[in-house]
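Participant: Okay, handing you the structure first.
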Amino acid sequence: MIARFRRLRPLLILLPVLALTTAVRGQPAANPSNRELPRFLVYFDEFSANLSDEAKSVIADAAKRAREARAKAVVVQARASATGTAETNKYLAQTRSSIVADQLAADGIARTMIQQEPIGQTGSGDPTVYNRRVDIIIER
């Protein structure tokens, strides 16, 4: 009897795993329209709030996707690198946020839908472009 149990033991361990796998596979696929929309990233030069042609294209794409998705809100999160003072970077983030919000409005997004969140200085002494950005987040 013990010998049989030892032979079946690996199967007993695998049964719950197989049952869980089957249960997960049996669930209906997620509705593609409910998928999370991507973040749209707008990058800036150091100490700048000027929009490049590429940045304007990204913002136009975000506005288009927001309209197509019938977004409830468009969140604009602005960041600045750690170069300069925290106070200056907070102001720079506010300026970048306003510039992107203005462009979203020009691209057809109602101002009442745009929520600005100037985050300010991010990073710890890292002056890379990654921290000099605005994230556009579409919320449904």
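Every read-out reported here was derived from the displayed coordinates using simple, explicitly stated rules and does not represent laboratory data. Since the structure is predicted, the reported quantities are computational estimates derived from the model, not experimental observations. No Cβ is skipped: glycine too gets one built from the backbone with ideal geometry, and neighbour counts run over all protein chains shown.
Participant: Quick check on the exposure proxy: order R96, R65, R70, R79 from fewest to most C-beta atoms within 10 angstrom.
Facilitator: Going from least to most buried by this count: R70, R65, R79, R96.
Participant: Could I have the simple spin-label model distance between E117 and A86, label points 7 Å from Cα toward Cβ, reported in nm to one decimal?
Facilitator: Once both label points are built, they end up 2.0 nm from each other.
Participant: E139 to D53: extension gain in nm, 0.36 nm per residue of separation minus the Cα-Cα distance? Working shown, then result.
Facilitator: Details: separation 86, 0.36 × 86 = 30.96 nm, distance 2.51 nm.
Gain on extension, E139 to D53, equals 28.5 nm.
Participant: Would you mind ranking E68, E139 by Cβ crowding within 10 Å, fewest neighbours first?
Facilitator: Working: E68 10, E139 14.
Ascending Cβ contact count within 10 Å gives the list E68, E139.
Participant: While we're here: Residue-wise, which Karplus ³J(HN,Hα) couplings in Hz belong to the range 76-81, taking 6.51 cos²θ - 1.76 cosθ + 1.60, θ = phi - 60°, and x for glycine or proline?
Facilitator: Per-residue couplings from phi come out as 10, 9, 9, 10, 9, 6 Hz.
Participant: What is the calculated FRET efficiency for S98 to A69, with r their C-beta to C-beta distance and R₀ = 25 Å, to the nearest 0.05?
Facilitator: 0.60
Participant: Under 12 Å Cα-Cα from K56, which aspartates and glutamates qualify once same-chain neighbours fewer than 8 residues away are excluded?
Facilitator: Of all the aspartates and glutamates, those that pass the test against K56 - Cα under 12 Å, at least 8 places apart if same chain - are D102, D107.
Participant: Under the 0.36 nm per residue contour assumption, what length would be gained going from the current alpha-carbon distance of A106 and D61 to full extension?
Facilitator: 14.9 nm
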